[in-house]
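Take a look at the structure below.
No lab work stands behind these numbers, since they all come straight from the coordinates. Small disclaimer: the values here were computed from a predicted structure and weren't measured. Cβ placement follows ideal geometry from the backbone for every residue including glycine, while neighbour counts extend to all protein chains displayed.
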Amino acid sequence: MRSREVAKEHVTNKKQTRTPAATTTPVMDGESINRALRRIAHEIVERNPQLTSVVLVGIPSRGVEIARRISGIIESLGNPPIEIGVIDVSMHRDDVGTRAELPRVQASRLPLPLEEKTVVIVDDVFFTGRTARAAMDALSSFGRPARIQLAALIDRGHRELPIRVDYVGKNLPTAPGERVRLRLQNVDKEPDAVWLVKEGKA
Amino acid sequence: MTDQSKSEMRWQRKDLLGIRELSVEEIIFILDTADAFKEVGTREIKKVPALRGKSLVNFFVEPSTRTRTSFEIAAIRLSADVINISASASSLTKGETLKDTAKILEAYHADIIVLRHSSSGAPQFLAERLRSSIINAGDGAHEHPTQALLDLYTIREKRGAVAGLHVVIIGDILFSRVARSNIFGLLKLGARVTLVGPSTLVPREFEKLGVTVSHNIDEVLPTADVVNLLRIQHERQRKEYFPGVGEYIRLFGLTKDRAKLLKSDCLIMHPGPINRGVEIDSELADGEKSVILDQVTNGLAIRMAVLYLCGGIATP
């Protein structure tokens, strides 16, 4: 995969939210998120001449929202509607039994059969690669797609598995201790935005 | 990886001992998780690696085929390894105490112990002493939480919500852990509950729990949204509680004639095994109001959810 230089985002809101515990730096606003998703949509169209066989499958909950938006953009470019689905990876993770608490599992919904389909797995923030691995494992229990590709709004690096992402909205270099905070209107009931959060030392 | 909003609930229990101690949020969380696991049953490959490498011991000191099989299938679908121990095969019959038996199970590194026991409180006794996750599969006349959860799940699935419904539980309430767990769960989720049966099996004391007690089934059926029929437990009955099968059917059996009193969308439930012709007329058990087989299928999803949640968190 060619590495793409991403121009530094012009952040209109220069104000930094400071709390004693953490430093929060704005990284993307609604407009730049929208631009990144349009770029991903264009690349999916370019790389898949058989667009009708493409399925966008989101990882809950923000990946599902991102898949929905990309599908909408692709259709607005004059293409036929792209099917979307949901793949929950909780049951396929490799860290079961190591966490003190478990998040909510959601039901997967996929347009079946997957054979002959190109499945684009859509996540919000691509990090270690373990979620993508779990998603690929989960997909295989529904069938055997012709090919699987990966899309993410943000790639923050620090891969722990030999997995690369095919469509990136923004490459965001991060330190291991930092967190990426993403908010999307339809999921979080807050305006679209991305921040980088540095945990402060108490 | 992004941070999660703090308001989102997360599961933190290693044991499921009863419905009474669960919050409304925890009950809803289990039902929602079961939704996801029900979907697994529709996949081409009906098995997920969630509990791979974990071992589960089905420890049934009281006989049960149905519940044990349901837990066993649920565990297999989660990729756990399953060992079944029944009362007759266990050392309990040779005089070993429950605590000693449990210590043996722990020494085998059992991650999850599903316990059915004739003594109320046996699961709690183990949970307080073992690192393993303990799942109560029925203890004495105390609780049978997974049965209540699958009943709540089935009601929610068929009627959209539990709150506001009138649920009528008929039969042997006094000895029934199914009834107790159901009462706790139904009241927490906002249902109105009426218990019906002979005064020896449905004493007025139950009203302290917040339910209505009636000894006249024909007065109650017309307003029921759900009728849950409990099995008359011949094996537990002492004669003084129970007049006779013929008289029970005449006074409390759900006969075809009585079923005409029911609303058209009323659900008929039964935890099984059914005594056809006693609690319920055979035709009604197979009729369109009956959701008895849905309960069985949903039981798998509920038990997968419970095993995944309790068995999937880190133990201290």
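Tell me, what is the FRET efficiency for B:Glu288 and B:Glu247 to the nearest 0.05, using R0 = 35 angstrom and their Cβ-Cβ distance as r? Can you show the working numbers first?
Details: r = 29 Å, r/R0 = 0.84.
Given R0 = 35 Å and the Cβ-Cβ separation, E is 0.75.
In the Gaussian network model of chain A, springs joining C-alpha atoms below 10 Å, which of A:Thr128, A:Thr23, A:Thr174 carries the largest mean-square fluctuation?
Between A:Thr128, A:Thr23, A:Thr174, it is A:Thr23 that shows the largest mean-square fluctuation.
Would you list B:Asp294, A:Asp123 from fewest to most Cβ contacts within 10 Å? Display every interim value, and only then the final one.
Working: B:Asp294 16, A:Asp123 26.
With the fewest neighbours first, B:Asp294, A:Asp123 line up as B:Asp294, A:Asp123.
Taking each residue in A:136-143, count the Cβ atoms of any other chain within 10 Å of its Cβ, then average. What number comes out?
3
Put +1 on the Cβ of every Lys and Arg and -1 on every Asp and Glu Cβ in the protein assembly as shown; which of B:Phe184, B:Gly18, B:Ile173 then has its Cα farthest towards the positive end of the dipole?
So the residue we want is B:Gly18.
For every helix of n ≥ 4 consecutive DSSP H residues, a contribution of -39,500 (n - 2.57) applies; sum these over chain B, divide by its total residues, and give [θ] at 222 nm rounded to the nearest 500 deg cm²/dmol. The partial results should precede the final answer.
Numbers: 11 runs with 113 residues, N = 316.
Value at 222 nm, helices only, nearest 500: -10500 deg cm²/dmol.
Along the positive direction of the dipole of the protein assembly as shown (beta-carbon charges: Lys, Arg +1; Asp, Glu -1; about the Cα centre), which of B:Leu31, B:Ile83, A:Ala193 reaches farthest?
A:Ala193
Using 26 Å as the Cα-Cα cut-off, could you pick out the over-long pairs in B:Lys103/B:Lys188; A:Lys189/B:Lys47; A:Lys117/A:Lys189; B:Lys38/B:Lys208; B:Lys38/B:Lys158; B:Lys158/B:Lys260?
Over 26 Å apart, Cα to Cα: B:Lys103/B:Lys188; A:Lys189/B:Lys47; A:Lys117/A:Lys189; B:Lys38/B:Lys208.
Against the empirical 2.2 N^0.38 Å scaling, what ratio does the C-alpha Rg of the range B:65-181 come to?
Ratio of Cα Rg to 2.2 N^0.38 Å: 1.21.
About its Cα centre, how strong a charge dipole does chain A have in debye, to the nearest 20, once Lys and Arg get +1 and Asp and Glu get -1 at the Cβ? Spell out each step's value before the answer.
On the way: 32 positive and 26 negative charges, 116 e Å.
About 560 debye.
What percent do you get for the relative contact order of the range A:144-202 when only Cα pairs under 8 Å and 6+ apart count?
25
Please average, across the residues of A:179-185, the number of beta carbons from any other chain that are within 10 Å of each residue's own beta carbon, and give a whole number.
Numbers: counts 3, 3, 2, 2, 2, 0, 0.
The per-residue average across the peptide is 2.
How many percent of DSSP beta bridges within the protein assembly as shown run antiparallel, rounded to 5?
On the way: 18 of 76 bridges.
So the antiparallel bridges in the protein assembly as shown amount to around 25 percent.
For the pair B:Asp218 and A:Thr52, how long in nm is the line joining their label points, each one 7 Å along Cα→Cβ?
Each label point lies 7 Å from its Cα, and together they span 6.5 nm.
With +1 on the Cβ of every Lys and Arg and -1 on the Cβ of every Asp and Glu, and nothing else charged, how large is the dipole of the protein assembly as shown about its Cα centre, in debye rounded to the nearest 20?
On the way: 73 positive and 65 negative charges, 234 e Å.
Charge dipole of the protein assembly as shown: 1120 debye, to the nearest 20.
Using 0.36 nm times the number of residues separating A:Asn34 and A:Asp166, minus their current alpha carbon distance, what extension gain do you get?
45.7 nm
Counting just the Cα atoms, what span does chain B cover along each of its three principal axes? Round to the nearest Å and put the largest first.
55, 53, 38
Separation between the B:Glu21 and B:Ala107 pseudo-spin-labels, each 7 Å from Cα along Cα→Cβ, expressed in nm?
Placing both labels 7 Å beyond Cα along the Cβ direction yields 2.7 nm.
For the range B:250-316, what is the relative contact order in percent, using Cα pairs closer than 8 Å and at least 6 residues apart in sequence?
Details: 38 pairs, mean separation 21.9, N = 67.
Across the range B:250-316, relative contact order equals 33 percent.
Separation of the range A:20-43 and the range A:125-157 by C-alpha centroid, Å?
21
For the range B:19-87, compute the orientation-averaged projected area of the C-alpha convex hull (one quarter of its surface), in nm².
Numbers: hull surface 23.0 nm².
With the hull built on Cα positions only, its mean projection is 5.7 nm².
Show that you can apply the helix-only estimate: for chain A, add -39,500 (n - 2.57) for every DSSP H stretch of four or more residues, divide by all residues, and state [θ] at 222 nm to the nearest 500.
-7500 deg cm²/dmol
Mind listing the phi-derived Karplus ³J(HN,Hα) values for the range A:47-56, rounded to whole Hz, using 6.51, -1.76 and 1.60 with θ = phi - 60°, and x for any glycine or proline?
Result, rounded to whole Hz: 7, 10, x, 8, 5, 5, 8, 7, 10, 9.
Using only alpha carbon positions, build the gyration tensor of the protein assembly as shown, then give the equivalent ellipsoid semi-axes as the square roots of 5 times its eigenvalues, largest first, whole angstrom.
49, 26, 21
Dividing the alpha-carbon Rg of the range B:208-280 by 2.2 N^0.38 Å yields what?
1.15
Among A:Ile33, A:Ile121, A:Pro176, whose Cα lies farthest out toward the positive end of the dipole of chain A, if unit charges sit on the beta carbon of Lys, Arg (+1) and Asp, Glu (-1)?
A:Pro176
Give me the one-decimal nm value for the distance between modelled label points at B:Glu96 and A:Gln185, 7 Å along each residue's Cα-to-Cβ direction.
6.4
Given the alpha-carbon gyration tensor of chain A, what are the semi-axes of its equivalent ellipsoid in whole angstrom, ordered largest first, with each equal to the square root of 5 times an eigenvalue?
Working from the Cα gyration tensor, I get semi-axes of 28, 21, 15 Å.
Treating the range A:152-194 as a set of equal point scatterers at the Cα positions, no solvent, please give the Debye-formula log₁₀ I(q)/I(0) at q = 0.24, 0.29, 0.32 Å⁻¹.
Ignoring solvent entirely, the Cα scatterers give -0.94, -1.08, -1.14.
Hey, what angle do you get for helix B:24-40 against the long axis of chain B, alpha-carbon based, 0 to 90 degrees rounded to 10?
Helix B:24-40 sits roughly 80 degrees off the main axis of chain B.
What average number of partner chain Cβ atoms lie no more than 10 Å from the Cβ of the residues making up A:104-112?
So the per-residue partner count for this stretch is 6.
Can you tell me, using C-alpha contacts under 8 Å and at least 6 residues apart, the relative contact order of chain B as a whole percent?
21
What do you get for the angle between helix B:145-159 and the principal long axis of chain B? Use alpha-carbon atoms, 0 to 90 degrees, nearest ten.
Approximately 60 degrees, to the nearest 10.
Once you order the gyration tensor axes a ≥ b ≥ c over the Cα atoms, which shape class does the range A:95-167 get: rounded for a/c under 1.5, otherwise prolate or oblate by comparing a/b with b/c?
Note, shape of the range A:95-167 comes out oblate.
Which value, in debye to the nearest 20, gives the size of the charge dipole of the range B:170-302 about its Cα centre, when Lys and Arg are +1 and Asp and Glu are -1 at the Cβ?
Here the size comes out at about 380 debye.
Check B:Arg116: other-chain or 5+ apart residues with amide H under 5 Å from its amide H, H built from backbone geometry?
It is B:Phe59, B:Phe60, B:Val61, B:Glu62, B:Ala137, by chain and number.
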